[in-house]
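Here is the structure we will look at, set down as structure tokens.
Taken together, the values in this text are just the output of simple stated rules run on the coordinates, not laboratory data. Remember, it's a predicted structure, so these values are computed and weren't measured experimentally. Quick reminder, even Gly has a Cβ in these numbers, built from the backbone with ideal geometry, and neighbours come from all protein chains shown.
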Amino acid sequence: MKNSTTALMVENRPVADFIAHAILIVGVIVVAFPLWVTFVASTRTFDEIVHVPMPLFPGTHLLENYHQALVAGSARGSSAPVGTMLLNSFIVAVSIAIGKIVISILSAFAIVYFRFPLRKFFFWMIFITLMLPVEVRIIPTFKVAADMHLLDSYAGLVLPLIASATATFLFRQFFLTIPDELVEAARIDGAGPMRFFWDVILPLSKTHIAALFVILFIYGWNQYLWPLLITSRESMYTVVIGIKRMIAGGDAYNEWNVIMATAMLGLMPPALVVILMQKWFVKGLVETEK
Amino acid sequence: MAEIALIGVTKSFAKNEVIHRADVAIGDGEFVVIVGPSGCGKSTLLRMIAGLETATQGEIRIGGKRVNEVEPKDRNIAMVFQNYALYPHMTVYENMSYGLRIRRMDRTQIRARVDRAAAILELSPYLQRKPRELSGGQRQRVAMGRAIVREPAAFLFDEPLSNLDAKLRVQMRLEIQKLHRELRTTSVYVTHDQVEAMTLADRMIVMNAGTIEQIGAPIRVYDDPESQFVAGFIGSPSMNFLPGRRVGTDIEVGEGVRVPLPSGLQASAPPSLTVGIRPEHFALGRAGGSVFPLRVETTEALGADSLVHTVFDRTPLVARVDGHATPQAGEQLSFSVDPARLYFFDAASGKRLRPAGA
């Protein structure tokens, strides 16, 4: 006999259970099916894919397709090897994530803990840029980047995306929850501002930094419009751009098997980051170590 | 070890003056408690000594040197905060040694100091724990340990026991007392709890609305309050006050009850004044002195004594009587008070009226 009310609520309602599960299963299928098709396509030959109806079970050309994608690229569209693209994407995503965290944690620290002229003004300046997405300022940004000779370089891919009002704002909100007495205790203990930052603020922000890293890594990895503008050499392509460049013409012209293999390769690193850092990610979102 | 002096110190936030000309001299090794209701400015006064707030006017001296412009870390003081303010990510050992490590003290010396402080505070088994793995009382001890290891000229306590439960508070109070006996470091302790003030202080400073009302040894302040505020704030249950009117050489306090005005006050007393009576100065019966007919509302029997809540001419009065006398509600009883035990205050200013020549 179970006598807790929750147990009773769960029991003895087969119809409701069935409907709930049915909805969940349908939802999973809707989300997972395109991924499955992508995977299947990446294991078949070009001819098998364009044959109607398209097969729904994996074929035998997995290694072949992935090898071609990684080393040689598509034979018809862009022929840049995906290996290089993955490396580019990784460098860009990591640089953006780390750069954003470093810049925003420092600016949040300045805004919360220092009294300087126009402090409010600077805070609102940062805050207002939240309303200006990359797309809005992309032409002037491109002009500036071009004038600074940053086209086709990692600096050009990374720098314009580093400033982050969102992360600054998140860190500011977190710092505001740290009790003032901690700052005062540190002042009496003799810690200067940067010492306090290293010894107290940074360790306390660990989980927040980890959560932000996951979000920002994916943000950097998925960048499309900006890398599309600023890269023209194949050696500087990121994976997202690479996929686009492989699609050169009409449906029947593209090497869908290789493109799908590239797509699979391109979505694996962000998925891995999320899976590996999941524990930290959730911790950073739900709890603060205080 | 050092004396602390505040000379004509005021503090304003924007245009609001929150501390009005405070003059305090704290002797070397003395334990001084600043007590007052919340918002009276007692914490601000302490924070100015610590250097966490700047004084608007006046001078603050520690060990004879002006420290107004000196950073908190260079004032050679240590502070214990109400919420402990321990670094949550550091172990007890790291918390206690942080200030010493910043000062680049020799490792073995740090180890020795922390071990000694931990032994005094019975924290030795917990040195490798994080603050969140400790109880409230232990955290409070760590905060004190962090102060002790610095071996400062003065300890500043900002309501250190307010976050603890009642039982622990009593225990920690005794420990702070013991600690001060051992270390003999000048200490300034802020609290709103008059029991803490009475039991810990060598001298206490009673503050009200940004003004220092009285400075003195606890029992002196209790016996001889300077103002109605001090008389009412120190002592539990607090002093009873009755509005009085001068009638000839007596004061009428209502319903035809009169108390004699001391001869020394005959010349100076204003027409309306307030008469103060400590609960324990009421005696059951008409033993002599001024007799008050009181109607009993309730009685709190505490064992050793009983608190009788009564009403006199619509004014509630509390009398403390022997624990075995348990007057019943509704009873009409006579209580007498020795006229020498009466306190008189100016009804307008609240200042104590003292007989001339006394």
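Points to keep in mind about this one:
- Charge tally for B:Ala304 (other residues, Cβ to Cβ under 13 Å; Lys, Arg +1; Asp, Glu -1): -3.
- Within the shell of other residues whose beta carbon sits under 11 angstrom from the beta carbon of B:Leu45, the net charge comes to +1, with Lys and Arg scored +1 and Asp and Glu -1.
- For B:Lys65, the lysines whose Cα falls under 30 Å of its own Cα, not counting residues fewer than eight places away in the same chain, are B:Lys11, B:Lys15, B:Lys42, B:Lys73, B:Lys178.
- Under 16 Å from the B:Asp338 label point (7 Å along Cα→beta-carbon), backbone N, segment B:266-287: B:277-287
- Counting only other chain Cβ atoms within 10 Å of each residue's Cβ, the peptide B:150-157 averages 1.
- Rounded to the nearest whole Hz, the Karplus-based 3J(HN,Hα) values (6.51 cos²θ - 1.76 cosθ + 1.60, θ = phi - 60°) of segment B:152-164 follow the sequence x, 6, 8, 9, 10, 10, 10, 6, x, 9, 5, 8, 9, with x at glycine and proline.
- Built amide H within the under 5 Å cut-off of B:Asn240, gap 5+: B:Ile277, B:Arg278
- Segment A:Leu118-A:Thr38, length gained on full extension (0.36 nm per residue, minus Cα span): 23.5 nm
- Gyration tensor (alpha-carbon) shape descriptor, chain A, a/c threshold 1.5: oblate
- Segment A:15-32 and segment B:331-346 have their alpha-carbon centroids 82 Å apart.
- Distance from the alpha carbon centroid of segment A:56-97 to that of segment B:213-235 works out to 84 angstrom.
- For the peptide B:73-82, the mean number of other protein chain Cβ atoms found within 10 angstrom of a residue's Cβ is 3.
- Reachable lysines, given that their alpha-carbon falls under 19 Å from the alpha-carbon of A:Lys206 and they are not under 8 places away in the same chain: A:Lys100, A:Lys279, A:Lys283, A:Lys290, B:Lys130
- Of the trypsin sites (Lys or Arg not before Pro) found in segment B:294-358, those in coil by DSSP whose Cβ has at most 10 other Cβ atoms within 10 Å are B:Arg314.
- Taking the average, over residues, of other Cβ atoms within 10 Å as the packing measure, peptides A:220-230, B:58-68 rank A:220-230, B:58-68 from highest down.
- Shielding of A:188-201 by partner chains, average beta-carbon count, 10 Å: 5
- The modelled label-to-label distance for the pair B:His324/A:Asp152, using points 7 Å beyond Cα in the direction of Cβ, is 10.7 nm.
- 3J(HN,Hα) from dihedral phi, segment B:114-122, Karplus parametrisation 6.51/-1.76/1.60, rounded to Hz, x for glycine, proline: 5, 4, 5, 5, 5, 5, 4, 8, 6
- Cleavage-rule hits, chymotrypsin sites (Phe, Trp or Tyr not before Pro), segment A:91-181, DSSP coil, Cβ neighbours within 10 Å at most 16: A:Phe114
- Over chain B, relative contact order from alpha-carbon pairs under 8 Å, at least 6 apart, %: 16 percent
- Charge sum, other residues only, whose C-beta stays under 12 Å from B:Leu164's C-beta, Lys/Arg counted +1 and Asp/Glu -1: 0
- DSSP-assigned coil residues among GluC sites (Glu not before Pro) in segment A:125-190, each with at most 12 further Cβ atoms within 10 Å: A:Glu135
- Candidates A:Val92, A:Val158, A:Val26, ranked by Gaussian network fluctuation over chain A, Cα under 10 Å, top entry: A:Val26
- Segment A:82-288 - percent relative contact order, Cα under 8 Å, separation 6 or more: 36 percent
- Scalar couplings 3J(HN,Hα) for segment A:253-267, obtained by applying the Karplus form with A = 6.51, B = -1.76, C = 1.60 to θ = phi - 60°, are 7, 7, 7, 4, 4, 6, 4, 5, 4, 5, 4, 4, 4, x, 8 Hz; x denotes Gly and Pro.
- Centroid-to-centroid separation of segment A:152-186 and segment B:94-120 [C-alpha atoms, Å]: 33 Å
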